[in-house]
Every structure is written in structure tokens, then in C-alpha cells.
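Colleague: Structure incoming, see below.
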Amino acid sequence: MKLIHSAAELQEQLDYERARGHKIGFVPTMGALHEGHISLVDVAKESCDVVVVSVFVNPLQFGPKEDFDKYPRTLQGDAELLEQHEVQYLFAPGVADIYPQSPEITQRAGVVGSTFEGASRPGHFDGMLTVVNRLMQIVSPDVVVFGEKDAQQVFIVRKLIGARFKDCRLVEAPTLRDSNGLALSSRNRFLSPSDLAEASSIYRHLNEMRTELETGAKVSLTVEKHAKGIEAIPNAKLEYLAVIDPQIFRPVDDNYRGAAKIIVAAKVGEVRLIDNLNVKAISA
Ligand code: PAF
């Protein structure tokens, strides 16, 4: 595996790969890699000859009171893990490679960008979209892989790819969970053992909600009941729990019928967690 810090050097290497007819798969990350990220790499490998993983903790997508400074930075361990999984390129740029002038928002996530995650984290999606746009310009992949866990991020990025990177296919990889159902996340390492157990009960609520919604329960009552249930988890503070129409990423009402997604964000102890679950069909 080649560890590359400069955008120009990566582009040179990838031009060489393309000239050999190789298809390029790209997995953008902020590092602190775990098996969840490796599952994204595996998805990229299914249709590509060469996989590029980027590790860049993007200052633009963190609010002033968020965990940018505390965000885990484990480049050496990340490199070892990717090497074991036969990734060809690890791109770990510095801030100046990504933002040659200075870090500035160049992409706007629109209305959806200020709801749910965007309401809790103002400006987050503009920052995320700005870096994804820049990384996509540098890597110019055939396939880019994002994790389904960040459902709103995928929804927003899909629009960018459709509008500006038409030759690239976005693939959404399923969420990887631990044995208790907790979605794998780089931030889980900050959960205490007791918070870890509490955190996984959020997933139990999502599962129960799915079953209830698929068997005729009213959306509003289901959300109300399980919001109370999550609030009752020791050390948990619910930020939002909603059932949305995945086509528009907006909450559905009690008359809605069809496929839906349950989305949740909650703080457990000091750690902010998000998760989601697909509902096949809300039926009467
Ligand atoms: O999902 C992430 O890890 C980040 O938001 C991303 C897509 C790498 C952009 O910084």
C-alpha cells in the first residue's frame, strides 16, 4: 500500500492506474478506522481494481463546540489495518492540500442540510459537502462508497454526485453492528462499558418501531412511545427520533404509506450517536 500525503502525487498515481485500465474505488473517511470502514472497502473492491481510502479530519464539518480536537487520530493503526486488507492507496492529506487558500465553504447542502443532523450541528453538512466535493475532484473515482449509517449524509452527497460527478457511481454500504446491535462508529471507543450496553438498547427500540410500523401502528404514536423509551435509558439524551420518507428526507405523517426510514440521534454519556433503520412499508 502507498501512503500519500499530496494531492498532486495521488493524481499522478491514479492517472497511471487509469492508463492501465484499472477502475478506481474511493472510500472517504476521517480515520480511526474499524471493521465498519473495512466493510466499505470490501464493497469498493467488488467492482474496482484499485481502492483509495482517504483519512482527513475535516475542520469545516465541526462546529465550534464540537469534538474536532478530540476526534481520534490514529493514522499508523489505520495504515496497518488498510495494508492487511490490501488497499492500494491511503491518502492522508494535510489541510493545505485540501484547502490551498484557506478552509472555506464552497458547497451548500440546501434545505435538507439544516434539518435533523443539520439542526443539531449547524453548518455540518456544508462543511462535509465541501470536503467531499474537493476529494472527489482529486480522486475522480469510478465508484465512491458511503455507509448507510450516515443516512442524511448519503442523501445529500447523492445529489452532489448526480449533479457534478455523473461518471461516478455512489454505492451505499449496509451498517455493520456489534453483537448487541450497536452500529460501529469511530466515536464508540469513547463509550464507557455501561454506556456501551445502554447505547445498544437504542437499536432495540428501532427494531421494535420497525415491527410496529410494518404491522399497522400509527406513526405518531410509535414515535412518541419510543422517544419516551429512549429518554428513559440511563445516561441517554434523545436529540431526535423520526420516521421519514427516504425520497425527500422529510418526516411522514399518519396517512403515509410505503417505504420509510426511522432515524435517531442521541447522546449517551458524552458520546453523540446516530443510527437508522429501513421500514419496508408502512401499512394501515
Ligand atoms: O463520514 C465521514 O467520515 C465524513 O463525513 C466524510 C464523508 C469522510 C467527509 O469528511
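The values are calculated or read from the model by the stated rules, or taken from the named source; none is laboratory data. Predicted model, so just to flag it, every value in this text is computed and none were measured. In this analysis, Cβ positions are derived from the backbone assuming ideal geometry, glycine residues included, and neighbour counts consider all displayed protein chains. In case anyone asks, the SASA skips ligands and DNA or RNA and just uses the protein heavy atoms, side chains included. Shrake-Rupley method; radii C 1.70, N 1.55, O 1.52, S 1.80 Å.
Colleague: Which entries of Lys45/Lys237; Lys2/Lys159; Lys70/Lys228; Lys23/Lys261; Lys45/Lys149 have Cα-Cα distances beyond 27 Å here?
Modeller: On the way: Lys45/Lys237 38 Å; Lys2/Lys159 31 Å; Lys70/Lys228 31 Å; Lys23/Lys261 32 Å; Lys45/Lys149 20 Å.
Where the Cα-Cα span goes over 27 Å, the pairs concerned are Lys45/Lys237; Lys2/Lys159; Lys70/Lys228; Lys23/Lys261.
Colleague: Using only helices, what value at 222 nm comes out for the chain when you add -39,500 (n - 2.57) per DSSP H run of length 4 or more and divide by the total residues, to the nearest 500 deg cm²/dmol? Provide the component values of the computation, followed by the final result.
Modeller: On the way: 9 runs with 109 residues, N = 284.
So the calculated ellipticity at 222 nm is -12000 deg cm²/dmol.
Colleague: Going highest first, how would you order 275-281, 69-75 by mean Cβ packing within 10 Å? Write out the running numbers ahead of the final one.
Modeller: Details: 275-281: 17.4, 69-75: 13.6.
Those peptides, ordered most packed to least, come out 275-281, 69-75.
Colleague: Same structure, new question: Could you compute the net charge surrounding Ile4? Neighbours are other residues with a C-beta less than 12 Å from the C-beta of Ile4; K and R count +1, D and E count -1.
Modeller: In short, -2.
Colleague: Would you mind computing the Rg to Rh ratio of the stretch 1-144 from its alpha-carbon coordinates, Kirkwood style for Rh? Intermediate values should be presented prior to the final figure.
Modeller: Values: Rg = 15.4 Å, Rh = 15.8 Å.
Checking Rg against Rh, the ratio lands at 0.97.
Colleague: If you don't mind, there's one more thing I want to ask. Determine the order of Thr115, Thr215 by accessible area, beginning with the largest, at a probe radius of 1.4 Å.
Modeller: Details: Thr115 45, Thr215 110 Å².
Sorted by accessible area, descending: Thr215, Thr115.
Colleague: Moving on. Taking every eigenvalue of the Cα gyration tensor of the stretch 106-170, multiplying by 5 and rooting it, what semi-axes result, largest first, whole Å? Numbers along the way, then the final one.
Modeller: Details: eigenvalues 82, 30, 18 Å².
Whole-Å semi-axes of the equivalent ellipsoid: 20, 12, 9.
Colleague: Where only protein heavy atoms count, and the probe is 1.4 Å, what is the accessible area per residue for the chain in Å²?
Modeller: Working: 13370 Å² over 284 residues.
The answer is 47 Å² per residue.
Colleague: Which three extents, in whole angstrom, do the alpha-carbon atoms of the stretch 68-138 cover along their principal axes, largest first?
Modeller: If we take the Cα atoms of the stretch 68-138, the spans are 41, 27, 23 Å.
Colleague: Quick one: compute the contact order of the stretch 137-220, relative version, from alpha carbon pairs under 8 angstrom and 6+ residues apart, as a percent.
Modeller: It comes to 24 percent, rounded to a whole number.
Colleague: Please list, ordered by chain and number, the residues whose modelled amide H lies under 5 Å from the amide H of Ala173; skip anything fewer than 5 residues away on the same chain.
Modeller: Phe146, Gly147, Glu148
Colleague: Under 8 Å for C-alpha pairs, at least 6 residues apart: give me the relative contact order for the chain, rounded to a whole percent.
Modeller: Working: 506 pairs, mean separation 47.1, N = 284.
Computed value for the chain: 17 percent relative contact order.
Colleague: Could you tell me how many degrees, from 0 to 90 and to the nearest 10, lie between the Cα long axis of helix 193-214 and the main elongation axis, the longest principal axis, of the Cα atoms of the chain?
Modeller: The helix 193-214 is inclined about 70 degrees to the chain.
Colleague: May I ask for the Rg/Rh ratio of the stretch 153-284, computed from Cα atoms with Rh as the Kirkwood radius, given to two decimals? Please report the intermediate quantities before stating the final value.
Modeller: Numbers: Rg = 15.8 Å, Rh = 15.8 Å.
So for the stretch 153-284, dividing Rg by the Kirkwood Rh gives 1.00.
Colleague: How many percent of the accessible area of the stretch 1-45 is carbon or sulfur, using a 1.4 Å probe? Please list the in-between numbers first.
Modeller: On the way: 1000 of 2030 Å².
Looking at the stretch 1-45 in its full context, I get 49 percent from C and S.
Colleague: Please report the carbon-and-sulfur percent of the accessible area for the stretch 83-181; probe 1.4 Å, protein heavy atoms only, DNA, RNA and ligands left out. Walk me through the numbers before you get to the answer.
Modeller: Details: 2180 of 4490 Å².
Whole-percent figure for carbon plus sulfur exposure: 49.
Colleague: Pairs of Cα atoms under 8 Å, at least six residues apart: use those to get the relative contact order of the stretch 197-284, whole percent.
Modeller: Numbers: 153 pairs, mean separation 28.2, N = 88.
It comes to 32 percent, rounded to a whole number.
Colleague: Within the stretch 138-207, list the trypsin sites (Lys or Arg not before Pro) lying in a DSSP loop whose Cβ has at most 14 other Cβ atoms in a 10 Å radius.
Modeller: Details: sites: Lys149, Arg158, Lys159, Arg164, Lys166, Arg169, Arg177, Arg187, Arg189, Arg204; in loops: Lys149, Lys166.
Sparse-neighbourhood loop trypsin sites (Lys or Arg not before Pro): Lys166.
Colleague: Kindly provide the pair-distance distribution of the chain built from C-alpha pairs, with 5 Å bins from 0 and whole-percent values in order of increasing distance.
Modeller: Pairs per bin, as whole percents: 1, 5, 12, 15, 18, 17, 13, 9, 5, 3, 1, 0.
Colleague: Across 10 Å bins from 0, what is the distribution of all Cα-Cα pair distances for the stretch 178-242, in whole percents?
Modeller: Bin by bin from 0 Å, the calculated values are 20, 50, 25, 5.
Colleague: Still on this structure, please answer the following. Hey, can you rank 106-113, 129-136 by average C-beta count inside 10 Å, highest first? Mind showing how you got there, number by number?
Modeller: On the way: 106-113: 17.0, 129-136: 21.5.
Highest-to-lowest ranking by the protection proxy: 129-136, 106-113.
Colleague: Could you compute the longest span of the chain free of GluC sites (Glu not before Pro) located in DSSP loops and having at most 14 other Cβ atoms within 10 Å, not counting the site residues? Walk me through the numbers on the way to the answer.
Modeller: Values: sites that count: Glu66, Glu86, Glu104, Glu270.
With GluC sites (Glu not before Pro) excluded where exposed in loops, the chain gives 105-269 as its longest stretch.
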